[in-house]
Structures are given as structure tokens and as C-alpha cells.
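Beneath this line is the structure, given in C-alpha cells, with notes to follow.
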Amino acid sequence: MAGIWVYSEDNIVEQQLLTIGRSLADSLKEPLIAVNIMEDNSLDLILRGADKAIIIEGNSVLPESYAKSIAEIAGKEKPTTFLIGGTLRGKEVAAKIAAHLNVGLVNSALSIKVIDGNLETERIMYGGLAVCTEILAPASIVTIEPRTYDAAQGDPSRTGETEKITVEVAEIVTVGNVCPIIKQGADITTAEKLICVGRGLAKQEDMKLAQDLAAKLGAEIGCTRSVAEDYHWLPNETYIGLSGQKVKPQLYISMGVSGQVQHTAGIRDSKIIVAIDTNENAPIFEAADYGIVGDLYDIVPLLTEKIVK
Ligand SMILES: Cc1cc2nc3c(=O)[nH]c(=O)nc-3n(C[C@H](O)[C@H](O)[C@H](O)COP(=O)(O)OP(=O)(O)OC[C@H]3O[C@@H](n4cnc5c(N)ncnc54)[C@H](O)[C@@H]3O)c2cc1C
């Protein structure tokens, strides 16, 4: 069968993988195979671009438990490449599958393309200082972060094949209790407009400047790692960057953010980037579409006032 395979335990992420999977499959003239576990959503997968859906049903509620079964199924079919959603669980499953199959694994690819008949990935290295390009050996596994691609749209005219496989997996973990994660901040990953605060703010009370602007714009507020982890002014899930959240707003406005690579790695997919900083040499201006060199304490109130008008 070969083909381009995609899998994520998260249905939304799998829809995003179907977008890039379909494009690679068309370029290489290969089928696109989507794998899902524990739930038969084969029709949706096919309408969104899969030529075949493989639905694995088993006795565990933990996606990680299915790694060996997925590896055995893929091992027989020898995919050209296997794209796996780069969630925490997805990365664990990807590593286990790569180990079972003894194949290469590229984690957190920013892109994957067909170049001269080969599959080439790009990923960030050295904390954002370099981009590494790799040519994939056949059957390599690639994890792709959520939201790297838009979700594939459904086409009601599409048809495809479904295969259901029942497996028995070894339960190495017993679930004792399940507690929901209580999120303190807004979900900045889906925000259309985002205000980002950095250490240029002198004190926590000055967050009011950002809140006023955000309220007028209908924006959410995110921050740099320093503001979340060092100052604790905002929850950790609202910091943006390489080790924080990757965001994709239509409009991102930074105030007092220097723009180190570890931060800008998380904003590169923003449509319009506006930066306010006193230092005209701040690296944020290299990433920005519009730069305002000046004191945020003067500029932000003016901006808020203008928006009101
Ligand atoms: C492995 C690793 C991973 C990391 N991951 C992340 C990450 O995911 N996200 C992240 O954000 N960081 C991350 N960092 C930290 C990152 O390197 C920077 O230290 C951090 O982003 C800096 O935050 P900042 O821009 O708020 O502060 P600073 O770098 O101190 O910048 C403050 C800016 O405010 C400006 N300023 C000061 N006063 C004013 C004023 N009145 N008006 C306007 N501008 C003013 C200054 O000119 C300066 O440019 C990581 C670091 C490492 C080593």
C-alpha cells in the first residue's frame, strides 16, 4: 500500500494533517491513509481527503497504549512517510512507533515538502537560532505541531475505503483518577487578535494598559515567558514562543517585547505583527510588519483612544 499516513489522537489535529497529507500524496501520486483509534470517524476522514481510513479498536482508553499496534499495522504496509500530530501524546506515540519499526523520526517539523522526488522537512534547532533541513529516508516518521496547517475541508463527493482492526493492547498504566486541567487564562491559540506584553511593562498594575487596548479591540492577552514564569503576572499557558504557545492571530501587537528568537518562533504565522518598543534595534522589529519606536506608556493609551474614536 505504501502511501502517506497520518495519525493523531486529536481529531482536529488529524484534520490539519490531512491538509498536508493530501498535498504530499497528490505530489507523489500515492494514496493518503488516515489512522484513528477508539472511534470510527472514517467517513469524516475520507470526506476530508483520506483515500483509506484505518480504525483501530481496542481495550485501552490511553492512546499511548496503541503505539505498538499502530507500528505493527504500518510496518506491514510500509508508508512512504507517517505524519503524526505533535501533541504531547502524539510525540510519545511517534517515538514508540519509530523505535518499534527502527526508522527515523523528525520531531516538530515546521514544513514538509516534496523536492526532486524526496521528502524534505524543516525544523528549528538550537533554541530557535537555526533551521535544520533534512531529507527523509523512506518510512520516516514526522511529528507536526498542532495548527501548523489549516484543517482540511470536507468534500461530500469523496469516497474511500475503511478497514477496521481490533487489537488487544497491554495496559501498562492503570488510570486511578481523572482530574480536569483548570485553565486560568484565555485560549490564546485560537485568538484572532492578540496583545502580547513583555518586560517593558514596569509593574503589574500597568497590565491595565494592555487590558484597555484588548477590550477595545476584542483581543486576548498573551505574554513573553519572562512575564509568565519570572513575574507570574499571567498564567503559564498564556506565554508565547518556542517553549510556550504557538499562535496564529490575524493581528498580534507587542508592547515592550524585545523579540528574542525563542519568542518570535511562536508568532511567525501571525498575519500582521505590530511592535511597540523603545529600542529601535530590538529584534522584534525584524519580525514586525509595523514598528512603533517609542514608550509604550505614551503610545498604548493613544492607540486605545484612536480605536475608541
Ligand atoms: C530554551 C529557551 C526557551 C525559551 N522559550 C521562550 C518562549 O517560549 N517564549 C518567550 O517569550 N521567551 C522564551 N525564552 C526567553 C527569551 O529568550 C527572552 O528572554 C524573553 O522572550 C524576553 O522577554 P521580554 O521580551 O519580555 O523581555 P526583554 O528581553 O527584557 O525585553 C523587554 C523589551 O521592552 C522594551 N522596553 C522597556 N521599557 C519600555 C517602554 N517603556 N516602552 C516600550 N518598550 C520598552 C525594551 O527595549 C526591550 O526590548 C526562552 C529562552 C530559552 C533559553
- Item | When residues of the stretch 229-258 are limited to those that are surrounded by fewer than 21 Cβ atoms within 10 Å (Cβ to Cβ) and hydrophobic (A, V, I, L, M, F, W, C), the one farthest from Gly291 (Cα to Cα) | Trp233
- Within the stretch 65-122, how many residues are within 18 Å of Leu28 (Cβ to Cβ) and in a helix (DSSP H, G or I)? 2
- Under 6 Å between Cβ atoms, at least 6 apart or on separate chains: pull out the pairs that start in the stretch 69-86 with a residue that is free of Cβ contacts under 8 Å to residues at least 40 places away in the same chain and end on any residue that is surrounded by 21 or more Cβ atoms within 10 Å (Cβ to Cβ). Ala71/Ile97
- Message: Suppose we filter the stretch 42-61 for residues that are in a loop (DSSP other than H, G, I, E, B) and surrounded by fewer than 18 Cβ atoms within 10 Å (Cβ to Cβ); how many remain?
- Response: 3
- Query: Looking at the stretch 221-229, is at least one residue part of a loop (DSSP other than H, G, I, E, B) and either small (Gly, Ala, Ser) or more than 10 Å from the ligand (Cβ to nearest atom) (or both)?
  - Reply: no
- Message: Any residue in the stretch 119-142 that is in the same structural domain as Ala25 (by TED's automatic domain parsing) sitting within a Cβ distance under 8 Å of a residue that is of a type in the set (Phe, Trp, Tyr)? List the pairs, counting only those 6 or more apart or interchain.
- Response: Ala139/Phe82; Ser140/Phe82; Ile141/Phe82; Val142/Phe82
- Message: Please go through the stretch 287-306 and give me each residue that is part of a helix (DSSP H, G or I) and surrounded by 13 or more Cβ atoms within 10 Å (Cβ to Cβ), ordered by number.
- Response: Ala287, Leu296, Tyr297, Ile299, Val300, Pro301, Leu303, Thr304
- Message: Restricting to the stretch 255-287, name every residue that is under 21 Å from the mean Cα position of the chain (by Cα) and more than 8 Å from the ligand (Cβ to nearest atom).
- Response: Thr264, Ile267, Arg268, Asp269, Ser270, Lys271, Ile272, Ile273, Ala287
- Message: So the check is Cβ under 6 Å with 6+ separation or different chains; which pairs have a first residue in the stretch 281-309 that's in the same structural domain as Lys248 (by TED's automatic domain parsing) and a second one that's within 11 Å of the ligand (Cβ to nearest atom) and part of a helix (DSSP H, G or I)?
- Response: Ala287/Thr264; Gly291/Phe285; Ile292/Ile299; Val300/Leu209
- May I ask you to say which residue of Glu39, Glu30 is part of a loop (DSSP other than H, G, I, E, B), more than 24 Å from Leu110 (Cα to Cα) and either free of Cβ contacts under 8 Å to residues at least 60 places away in the same chain or under 23 Å from the mean Cα position of the chain (by Cα) (or both)? Glu39
- Yes/no for Glu134 being in contact with a Ser or Thr (Cβ under 7 Å, 6 or more places away or on another chain) and either surrounded by 12 or more Cβ atoms within 10 Å (Cβ to Cβ) or among the acidic types (Asp, Glu) (or both): yes
- Are any of the residues in the stretch 184-196 acidic (Asp, Glu), within 29 Å of Ile272 (Cβ to Cβ) and within 16 Å of the ligand (Cβ to nearest atom)? no
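The values are calculated or read from the model by the stated rules, or taken from the named source; none is laboratory data. Owing to the predicted nature of the structure, the values given are computational and were not obtained by experimental measurement. For neighbour counting, all protein chains shown are included, and Cβ atoms are generated from backbone atoms with ideal geometry for every residue, glycine included.
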